[in-house]
Amino acid sequence: MGKGLMNQSAKINATTGLTISLLIIGLSGLTAQIVLLRELLISFLGNELTLGVILANWLILVAIGSFLIGKSVETVDKKLDIFVVFELVFSVAFPIGIYLCRIFKNILLTTPGEALGFAPVWYSSFIILLPVSLPYGALFTYGCKLYSQYSNEEASSVGKVYLFETIGSIIGGLLLSFFLIQYFNSFTIAFLISLLNSLIPIFLLWRKPNSPERALQKVLMILSILFTFLFAYALLPQTSSAIHQASIQSQWKNLNVIHNENSIYGNITVIKRGEQFTFYNDGIPSITTPVPDIASIEDYVHFPMLFQKKPESVLILSGGAGGMIHEILKYPVKHIDYVELDPLLLKLIQKYPTPLTQSELSDKRVKIHYQDSRLFTQRTGKRFDIIFVGLSAPQSLQTNRLFSLEFFAMAKKKMNPQGILVLSLPGSLTYISPELRNLNGCILDTLKRVFGLVRIIPGDVNLYLASASDLIDKITPHEVITRFEERKIQTNLMTKYYIGHRLHERWLQWYWKSMEGRKSHINSDFLPIAVFFNLSYWNSLFSPYLAGIFKWFKEFYLTITFVKIILITIVLSIIFIKFPRYSMHAVTYSIFTTGLTGMIFSLAIIFTFQTFYGYVYQQIGLLVAIFMFGIAFGSFLVIHYLQRIKENYFLFLKIEGLIILFAILLPFVFVTSSSQIENKTVYFLLYAGFLVVSFFTGMFTGFQFPLAVKIYLNNPSRKEKLGRTAGLLYGADLFGGFFGGLLGGVFLLPILGLKETCFMMALIKLSSGVLFFLFIYKNPKETGMFQNLTF
């Protein structure tokens, strides 16, 4: 009896140690994913496409690790030892991955600030992420098997591991978003995570009974202790700072990096060359001072200011410091409101001052607002003569909010009767490609829908001046030159001859001729087609071999997709009817589609939230945390009642139906309220609605996973092993997320829009629901349903 109690106590201790390890693994996985994602986006000048590619690589590699590597848990004897090996490999690979993120472009023989095409981004991120994500994926499957051995449970053990990992992810996400990123560099964060992952094996291996197999555990114990001391030493401020600085210098080759710092919004690097400072925002040069790009700044500022009869009030939405404000202050303006999202940028500009930036930011007429540009525009009670949009193109779903129909309508309300909205897009005076034509034409059509009158100044950068007043269209080049001379504006490159040249009628005629033959498109918050056109243009420059794929997606319609989904469902149904033993894969397909729809719903919720409430990093972090909490709650609920649930198949089918209903209703919840957002009651109710919807999105995913494991393991026609089942279903979930991450923000949401994308998800879940129903119908003995019916 005493021996039995000792064994029982040992099992409880082992289970507790493993539970803590699984929580740490969940925390570590999400932290590694976000940190490496940020580092790769900085190195590869990320946009929505590169973000999708990197995220997809992470998910697919974790899926491979969980299934292909993880399924070896059924054949190896030393399961705990291999689990420890994977944890130690992860702990070493994470900081090495950060270093590779920073130097990999040097291996590719590229220069800092140089953009890469699709293929280099794909294989580079794949190689960098592989040693981190593969062991992380395998840890889940091994954790499931070990937990089942310690707890003497089968299906519920997989669900509990899924739950523990999710709770760890919630903790990691909150710590990273609200604390770690704001105060520590990437290496410090990585060494902290690595230290935790080297400490856990010590507790897992401690006081194991002596046996002939103990030799390997002793080696692993020694390695864990050595790694613990190594990571503890690396965590010392002087050590982590030295490693961080050395990697930054390698990343920027021989450039003189004088500052590198993370904020919650991104990374800012300051390069000094002589007396010239260049500020890079996530690897992209944003400000150069004291001698900026004079030609482009003078073009962008002086044409709109000269078209305005008496410019007194100006609003700048991003990009004002480093020349733009300086040029505007040459006019007798009364006040300038300058909106910049990231306070760190202006903090560093003030830390490394030049006469240009000092004169700009110290002028009493300039008021700085650290806020989301669209949110400021929505809330301000001021009216402006000129509004400058300081972003060059709608590069992402976030920046698209300043190029949409809804934003233009909002800006129009904040303008004086003869006010002008100014924005720029990539252009050319030699050849306008189809991609460039689509991008410019889309924004032009959207501007015209709101303002009616748009004055275009073609060039290598096209300027668009939109106004509700017809004066913008009537003013002649001669009048502009007259105003320039009367105001006695001192410029470097802009002269009366240059003005006459840029405003010559032949350039406008050439522009209109180049724009012929295109389809009309309106860019809106819920149909951000301009994002797709901008990515298509970017792709034509750096990956022209993928032009066919973008062209194919451009003609992507829901009706065609509907037909394809029906055909796929019919083909799979025939296979399941002819070969009933394969119908069990309907469960795997359902988990795959739940992973896909969960990722799409998350993207849709976040980008819709940004549309209404602006880009507030902490709020986005809260939405993600609520989503993860929904997964945890759903898993916990099902695990708690798992043994008492008798109608597993019917409950699973009901969850499929709920997800379909959710997909259909989701767009109406947001779209119907968008016109009333300025009402305070609607404002707060909608905010609460976002939190509730995020929770339910996660909860549906949490419901299905442990239930799917039970269905798989309890199926008498297939003697599935726990490790293989856990790896297969976890991999299917991640594989669905892979497709959702790759396609959602790049193609589906921009091309189909919010409503049609959600309807497409409803169709896909309907397909998986039909196939699961067919599985139940064709296996009445195993499922206990439809036993008295024949097919």
Listed by chain and number, the residues whose amide H is under 5 Å from that of Phe384, excluding neighbours fewer than 5 places away on the same chain and using placed H, are Met415, Asn416
Descending accessible area (1.4 Å probe), largest on the left, turns Val62, Val669 into Val669, Val62
Rounded to a whole number, the Stokes-Einstein D of segment 617-663 in µm²/s (Kirkwood radius over Cα pairs; 25 °C; 0.890 mPa s) is 197 µm²/s
Rounded to the nearest 10 Å², the accessible area of Leu30 using a 1.4 Å probe with every protein chain kept is 30 Å²
The summed charge of the Pro477 Cβ neighbourhood (under 9 Å; Lys/Arg +1, Asp/Glu -1) stands at -1
Placing one equal point scatterer on each C-alpha of segment 367-501 and summing with Debye, one gets log10 I(q)/I(0) at q = 0.15, 0.16, 0.18 Å⁻¹ equal to -0.84, -0.95, -1.15
Given unit charges at Cβ for Lys, Arg (+) and Asp, Glu (-), the dipole magnitude of the chain about its Cα centre in debye, nearest 20, is 1040 debye
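For the chain, with every protein chain kept in place, what is the accessible area per residue (1.4 Å probe, Å²)? Display every interim value, and only then the final one.
Numbers: 32290 Å² over 791 residues.
The answer is 41 Å² per residue.
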If one compares the long axis through the Cα atoms of helix 477-487 with the longest principal axis of the Cα atoms of the chain, the angle in degrees, nearest 10, works out at 80 degrees
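Which semi-axis lengths, in whole Å and largest first, follow from the square roots of five times the eigenvalues of the Cα gyration tensor of segment 509-657? Working shown, then result.
Numbers: eigenvalues 315, 136, 31 Å².
That gives 40, 26, 12 Å for the three semi-axes.
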Per the charge dipole of segment 501-567 (beta-carbon charges, Lys/Arg positive, Asp/Glu negative, Cα centre), the residue among Met515, Thr561, Val531 reaching farthest to the positive end is Met515
Once Trp552, Trp510 are ranked on solvent-accessible area with the largest value leading and a 1.4 Å probe, the list reads Trp552, Trp510
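Lys and Arg at +1, Asp and Glu at -1: add these up for the other residues within a Cβ distance under 15 Å of Ile128 and post the number.
Numbers: positive: Arg38, Arg102, Lys105; negative: Glu39.
Taking every other residue near Ile128 into account, the sum is +2.
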With a ≥ b ≥ c from the Cα gyration tensor eigenvalues, square-rooted, and the rule rounded for a/c under 1.5, otherwise prolate when a/b > b/c and oblate otherwise, segment 689-769 is prolate
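Mean shadow of segment 288-375, computed from the convex hull of its alpha carbons, in nm²?
Numbers: hull surface 22.2 nm².
With the hull built on Cα positions only, its mean projection is 5.5 nm².
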Filtered hits (lysines, Cα-Cα < 19 Å from Lys721, offset >= 8 within chain) -> Lys71, Lys78, Lys79, Lys145, Lys160, Lys710
Compactness check, the chain: C-alpha Rg relative to the 2.2 N^0.38 Å globular estimate gives 1.04
For Lys382, counting only lysines whose alpha-carbon sits under 23 Å away and dropping same-chain residues fewer than eight positions off, the answer is Lys309, Lys310, Lys330, Lys334, Lys364, Lys367, Lys412, Lys413, Lys414, Lys680
Any residue on another chain or 5+ positions along whose placed amide H is under 5 Å from the amide H of Gln371 is listed here as Glu340, Leu341
Here segment 81-95 yields Karplus 3J(HN,Hα) values (6.51, -1.76, 1.60; θ = phi - 60°; whole Hz; Gly and Pro given as x) of 4, 5, 4, 5, 4, 4, 5, 5, 4, 4, 4, 7, 5, 4, x
One would report the Cα pair-distance distribution of segment 467-523, bin width 5 Å, in %, as 4, 14, 17, 19, 18, 13, 8, 6, 1
Rounded to the nearest 10 degrees, the helix 155-175 long axis (Cα) sits at an angle to the longest Cα principal axis of the chain of 30 degrees
The Rg/Rh figure for segment 149-236, Cα atoms and Kirkwood Rh, to two decimals is 1.07
The farthest towards the positive end of the charge dipole of segment 198-296, of the residues Pro237, His259, Pro285, given +1 on Cβ of Lys and Arg and -1 on Cβ of Asp and Glu, is Pro237
One finds the C-alpha centres of segment 465-516 and segment 577-609 to be spaced, in Å, by 55 Å
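When the Kirkwood hydrodynamic radius is evaluated over all pairs of different C-alpha atoms of segment 230-347, what value in angstrom, to one decimal, is obtained?
Values: mean 1/r = 0.0600 Å⁻¹.
After inverting the pairwise mean of 1/r, the radius is 16.7 Å.
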A 1.4 Å probe over the protein heavy atoms gives the chain a carbon and sulfur accessible-area percentage of 64 percent
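Using a ≥ b ≥ c from the Cα gyration tensor of segment 335-402 (square roots of the eigenvalues), is it rounded, prolate or oblate, where a/c under 1.5 gives rounded and otherwise the larger of a/b and b/c decides, a/b for prolate?
Numbers: a/c = 2.07, a/b = 1.35, b/c = 1.54.
Oblate shape, in that a/c is at least 1.5 and b/c is the bigger or equal ratio.
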So the angle from the long Cα axis of helix 48-64 to the longest Cα principal axis of the chain, reported in degrees to the nearest 10, equals 10 degrees
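The values are calculated or read from the model by the stated rules, or taken from the named source; none is laboratory data. Just so you know, these numbers come straight off a predicted model, no measurement behind them. Because the Cβ atoms are built from the backbone with ideal geometry, glycine has one as well, and the counts that use them run over all protein chains shown. For the accessible areas, the whole protein counts, side chains as well, though only heavy atoms, and no ligand, DNA or RNA atoms are used. Shrake-Rupley method; radii C 1.70, N 1.55, O 1.52, S 1.80 Å.
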